[in-house]
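Student: Here it is, the structure in full.
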Amino acid sequence: MNLLGKPALVGRHCGSSAYAVTRELVDFYADALDDRSPLQRSFAPPLLFHSECYKFVGEWYLKNLFGNLHARQDWELFAPIPVGARVRTRSTIVERYQKRGRDYVVNETDVVAEDDGRLLVRGRTHQSFLPPKEEGGGAGFVVDEATAKKKAEKAEAPPFPTATGPEHRTAAKKIDQRRCWMFSGPGKNYHTDAEQARKLGFPRIVVQGMMSTCFAAQAMQDAFGEGWLAGGKMSLKLVNVLWVDETVAAYAREREREREGTRTRVHCDVWVDKSDGTRVALGTASAVE
C-alpha cells in the first residue's frame, strides 16, 4: 500500500506537472550544484527536474518510511532542454521487486516537450523500504557512521573501476546545509533537517542520493558536451550514505568505444567519492561524439 492507503501497483500513474524552463530556474540549479557549464547559456542542465518523482511520493512510496533509501538511479537523455522551453512531466510505477530483505518500488519519470510531446529525459528511481514488520519507529538508527563504513568496504568487491582510459572529474564539492536546502528544500525533511533525519532512523542530515547522480552527470557533461545532452545514459548504484558537511567529487573514466550509426558511443565507469576515499555511488555512463 502507498502512503495514501491505495495499492502501489505497477502501471499506477503517480502524477504530472507543467513547467517553464526559465533562466532563474537554471541559475538556481547551477548555484546549488556548483555547475557552471557554458552549455547553460542555451540549454538547461539535463537533470534540472532531478527530483520530480518525489513530488508524488504519496502515490508510490510504501507506508513504512523508517529507513527508506534511494538505491539506484538510471537516466536516459534524448534531447537538450532549451532555456525558455515549456515541458511536461509524467510519473509512473514501472516495477516492484524484493532484494536482501527489502521491498523496492521503481518510479519512471519522463520529461517531454510541451509543444510536440518529444521525450527529452527519462529517469528511473529505485527506492527501497524495510518490510512493515521491521518498522522501528525510531528505535535506533538504520544507518550510522559505523554501519556506513562497513557498507563502504563491502562495496569495494569486486574492484571498481576497471576502465583504463582517460579520466574526467569534477571539482571537490562540500555539501553543507545550504546546498542541501537548495537541492532538497524548501520544506523540512531528512535531507534538510537533523530532527527529521532522526525520525526516519538517521543520526544526521542525509544528503539526497539524487545529488550524487547530478555530480556524475556533470562529469559526463563537462567531458562530452552536447554528446551527453542528446544520447547520454547513466545507471548508478547508491552504495553509501553521504552526510551533511562531507566533501565529494565525481569521476568518469573511459572504458571502450563503439560505433553507433554515424557516431561513436563512449562507455565509461563513473563514481562519486568522499574526500576520504569512501565511495557513495558507482556505475556506468555513456555519451556520443
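The values are calculated or read from the model by the stated rules, or taken from the named source; none is laboratory data. Please read all numbers here as calculations on a predicted model, not as lab measurements. Glycine also receives a Cβ, built like all others from the backbone with ideal geometry; neighbour counts cover every protein chain displayed. Ligands, DNA and RNA are excluded from the accessible area calculation, which covers all protein heavy atoms including side chains. Shrake-Rupley method; radii C 1.70, N 1.55, O 1.52, S 1.80 Å.
Student: Express the carbon and sulfur contribution to the solvent-accessible surface of the chain as a percent, rounded to the nearest whole number, probe 1.4 angstrom.
Tutor: Summing carbon and sulfur atoms, their accessible area is 50 percent of the total for the chain.
Student: Listed here are the pairs 6/174; 6/199; 63/174; 99/274; 6/274; which of them are more than 31 Å apart at the Cα? Intermediate values should be presented prior to the final figure.
Tutor: On the way: 6/174 40 Å; 6/199 24 Å; 63/174 33 Å; 99/274 27 Å; 6/274 39 Å.
Violating the 31 Å Cα-Cα cut-off are 6/174; 63/174; 6/274.
Student: Per-residue ellipticity at 222 nm for the chain, helices alone: DSSP H runs ≥ 4 residues times -39500 (n - 2.57), over residue total, nearest 500 deg cm²/dmol?
Tutor: -5500 deg cm²/dmol
Student: Counting only heavy atoms of the protein chains, get the accessible area per residue of the chain (1.4 Å probe) and round it to a whole Å² value.
Tutor: With all protein chains present, the chain gives 45 Å² per residue.
Student: What spacing in nm lies between the two simple spin-label points modelled at residue 182 and residue 9, each 7 Å away from Cα in the Cβ direction?
Tutor: 4.4
Student: Could you name the aspartates and glutamates in cross-link range of residue 233, using Cα to Cα under 15 Å and dropping any fewer than eight places away on the same chain?
Tutor: 74, 76, 108, 110, 222, 254, 256, 258, 260, 269, 289
Student: Moving to a separate point now. For the residue pair residue 160 and residue 264, what label-to-label distance in nm results when each label sits 7 Å from Cα along the Cα-to-beta-carbon direction?
Tutor: Label-label distance for residue 160 and residue 264, simple model: 2.6 nm.
Student: Please sort 111-121, 273-283, 235-245 by packing, taking for each peptide the average over its residues of neighbouring beta carbons within 10 angstrom, highest first.
Tutor: 235-245, 273-283, 111-121
Student: Still on this structure, please answer the following. Treat every Asp and Glu Cβ in region 51-140 as -1 and every Lys and Arg Cβ as +1, leave all other atoms uncharged, and give the resulting dipole magnitude about the Cα centre to the nearest 20 debye.
Tutor: 260
Student: Give me the Debye-computed log₁₀ of I(q)/I(0) at q = 0.17, 0.23 Å⁻¹ for region 1-78, equal point scatterers on Cα only, no solvent, two decimals.
Tutor: Debye intensities relative to I(0), on a log10 scale: -0.84, -1.12.
Student: List the trypsin sites (Lys or Arg not before Pro) within region 25-111 that fall in a DSSP loop (any state other than H, G, I, E or B) and whose Cβ has at most 16 other Cβ atoms within 10 Å.
Tutor: 36, 63, 100
Student: Mind checking the full-extension length gain between residue 24 and residue 276? Use 0.36 nm per residue of separation minus the Cα-Cα distance, one decimal, nm.
Tutor: 87.3 nm
Student: From the phi angles alone, apply the Karplus equation (6.51, -1.76, 1.60; θ = phi - 60°) to region 7-21 and give each ³J(HN,Hα) in whole Hz, x where the residue is Gly or Pro.
Tutor: x, 8, 8, 4, x, 5, 6, 9, x, 8, 9, 10, 9, 9, 8
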